[in-house]
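The values are calculated or read from the model by the stated rules, or taken from the named source; none is laboratory data. All of these numbers come straight from a predicted model, not from anything done at the bench. Cβ atoms come from the backbone with ideal geometry, glycine included; neighbour counts cover every protein chain shown. All accessible areas refer to the heavy atoms of the entire protein, side chains included, with ligands and DNA or RNA removed. Shrake-Rupley method; radii C 1.70, N 1.55, O 1.52, S 1.80 Å.
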Amino acid sequence: MATRCSLSTTDGPLGASGGEDAALHEVYLGLGSNIGDRERTLREATERIGELVGAVVRRSALYETEPWGFSSDHPFLNAAVCCLTHCSPRRVLELTQQVERELGRTRKSAGGHYADRTIDIDILLYDDLVIDEPDLKVPHPLMREREFVMKPLGEIMPCPQGGLRR
């Protein structure tokens with residue numbers, strides 16, 4: 001079982017593939033669930049993110065939305081959270097995938113094929129980094145196309161002009 005990101009002298013430099021560093025980074029995550037006890041799952045995911053990734057400093061309300069990219073009779077509950085972390089983007093990905101597995105997720109969507117899921121956690125933003133690796137893309141490449149991402153994200157990431165900072 002993984003432990004929370006905390007500073008250690010044995011960890012590598014920060015970067016997409018690094019472990020941890022001394023700086024505190026702001027990461028925004030999108031969460032969604034459309035099967036099982038959706039509200040409980042999102043609450044447990046947020047708690048585990050706080051334990052493993054870093055302090056959850058902001059969280060949006062829950063938004064019920066229709067599935068995106070596939071048909072289902074099961075609507076989603078979606079939310080966004082902001083964490084402060086010492087983890088690298090790669091480590092955040094590993095830890096959020098661990099949380100997904102702990103909460104019953106058995107496989108990720110692949111090739112644009114989506115299905116019902118107990119939990120989905122996506123890295124939306126990590127500081128101002130741009131990462132383009134096969135399994136790690138930041139900012140999330142489809143977030144602006146998804147109102148179920150942008151609405152909760154906008155709630156916790158306002159700018160003085162009333163829009164998103166990006």
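Results, tabulated for the structure shown:
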read-out	value
Any hit, the range 84-97, residues being among the hydroxyl-bearing types (Ser, Thr, Tyr), assigned to a strand (DSSP E or B) and under 27 Å from Pro134 (Cβ atoms)	yes
Residue within the range 72-80 that is at pLDDT below 80 and either over 18 Å from the mean Cα position of the chain (by Cα) or more than 20 Å from Glu94 (Cα to Cα) (or both) present	no
Flag for Thr106 being among the β-branched types (Val, Ile, Thr) and open to solvent by 50 Å² or more (accessible area, probe 1.4 Å)	yes
Residue in the range 113-159 that is surrounded by the fewest Cβ atoms within 10 Å (Cβ to Cβ), counting only those that are assigned to a strand (DSSP E or B) and among the charged types (D, E, K, R)	Asp132
The range 15-34, residues that are aliphatic (A, V, I, L, M) and either surrounded by fewer than 15 Cβ atoms within 10 Å (Cβ to Cβ) or modelled with pLDDT of 95 or more (or both)	Ala22, Ala23, Leu24, Val27, Leu29, Leu31
Any hit, the range 36-59, residues being open to solvent by 20 Å² or more (accessible area, probe 1.4 Å), modelled with pLDDT under 95 and not in a strand (DSSP E or B)	yes
